[in-house]
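All of the numbers you see were taken from the coordinates with simple rules; none came from a lab. All figures in this text were calculated on a predicted structure; none of them were measured in a lab. Positions of Cβ are generated from backbone atoms using ideal geometry, with glycine treated the same way; all protein chains shown enter the neighbour counts.
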Amino acid sequence: MAKSTGTVKCFSVDEGSGFIAHSSGVPDIFFQLSSIKNQDIPSLSTGQRVEYEVKVGQKGLQADEVWVL
């Protein structure tokens, strides 16, 4: 699957999830904390650049295999 890049639009530590704004302007992509592959990253901040794959989840598209750049 092709990798995409974007920036973290928002992230909730309490919920363990957030949204990524795709670099090409397509709709925001949902992600869960468990999808972050950098093991030394406990949380994400708004504006952080990430690389990810898109998969179909229970409620639509979501980011998977998220790497903080």
Open item on the list: Out of 54, 13, 26, I need the residue that is surrounded by 11 or more Cβ atoms within 10 Å (Cβ to Cβ) and without any contact (Cβ under 8 Å) to a residue 12 or more places away in the chain. Which one?
Closed with: 26
TODO: Go through segment 32-69 residue by residue and tally those that are closer than 13 Å to residue 5 by Cα and of a type in the set (A, V, I, L, M, F, W, C).
DONE: 7
